[in-house]
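Colleague: For reference, the structure I am asking about is given below.
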């Protein structure tokens with residue numbers, strides 16, 4: 001599995017890859033919960049499209065509709081951001097692809113540091129969102145349609161658990177090797193370009209690395 005240590009400014013790096021799927025084991029409770037969350041999101045999006053087609057959107061424009069729309073967007077984005085760590089739960093050997101201005105030892109130390117921080121982060125928020133699932137979800141059982149509030153916190157709890165396991169495995173269990181990619185040095189150089197020139201350049205570099213969404217990922221991280 002190739003994992004890229006992507007520069008997002010002059011001194012900061014983020015881990016990135018594009019696995020085909022989060023690869024949840026069929027029997028895992030957390031995997032089933034996340035798949036059900038995706039189904040709920042798809043149902044909500046289809047319902048919104050149906051309301052627009054029949055001109056009924058105006059009947060559901062209150063705070064519940066706005067809240068459900070915001071949760072749908074937020075949860076869909078959140079699910080897509082954590083696929084790397086979810087996938088890493090089953091990785092035995094990883095290739096860290098890094099820029100030329102880092103040697104292998106430096107790159108691996110940065111990657112392990114990022115994974116350790118992710119492990120600590122997800123362990124903390126797994127507890128917080130688990131409590132929110134138990135407390136706030138049942139309070140909104142009366143909201144029409146799928147209980148997105150309950151699924152929001154439940155899916156995030158499951159997602160944090162999977163991410164914690166993936167990050168912890170990346171720190172202590174994955175057998176790492178390193179490989180240099182000069183293209184990643186060009187990604188760093190592209191960050192200094194004006195906004196109008198930066199995105200086309202990042203898109204070109206994404207194609208060169210065969211990473212479809214890298215340009216969007218880098219731009220989001222530079223704005224964080």
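The values are calculated or read from the model by the stated rules, or taken from the named source; none is laboratory data. Keep in mind it's a predicted model, so treat the numbers as computed, not measured. Here the Cβ positions follow ideal geometry from the backbone for every residue, glycine too, while neighbour counts run over all protein chains shown.
Colleague: Applying the selection to segment 206-224, what residues are under 11 Å from residue 17 (Cα atoms), surrounded by 16 or more Cβ atoms within 10 Å (Cβ to Cβ) and modelled with pLDDT of 90 or more?
Modeller: Within segment 206-224, the subset under 11 Å from residue 17 (Cα atoms) is 209-214, 217.
With surrounded by 16 or more Cβ atoms within 10 Å (Cβ to Cβ) added as a condition, the list becomes 209, 211, 214, 217.
The answer is 209, 211, 214.
Colleague: Could you go through segment 164-183 and let me know if any residue there is within 15 Å of residue 97 (Cα to Cα) and without any contact (Cβ under 8 Å) to a residue 60 or more places away in the chain.
Modeller: The answer is yes, given that some residue of segment 164-183 is within 15 Å of residue 97 (Cα to Cα) and without any contact (Cβ under 8 Å) to a residue 60 or more places away in the chain.
Colleague: Under 6 Å between Cβ atoms, which residue pairs at least 6 apart in sequence (or on different chains) link something in segment 5-26 that is within 13 Å of residue 98 (Cα to Cα) with a partner that is surrounded by fewer than 20 Cβ atoms within 10 Å (Cβ to Cβ) and at pLDDT below 85?
Modeller: 8/221; 8/222; 14/221
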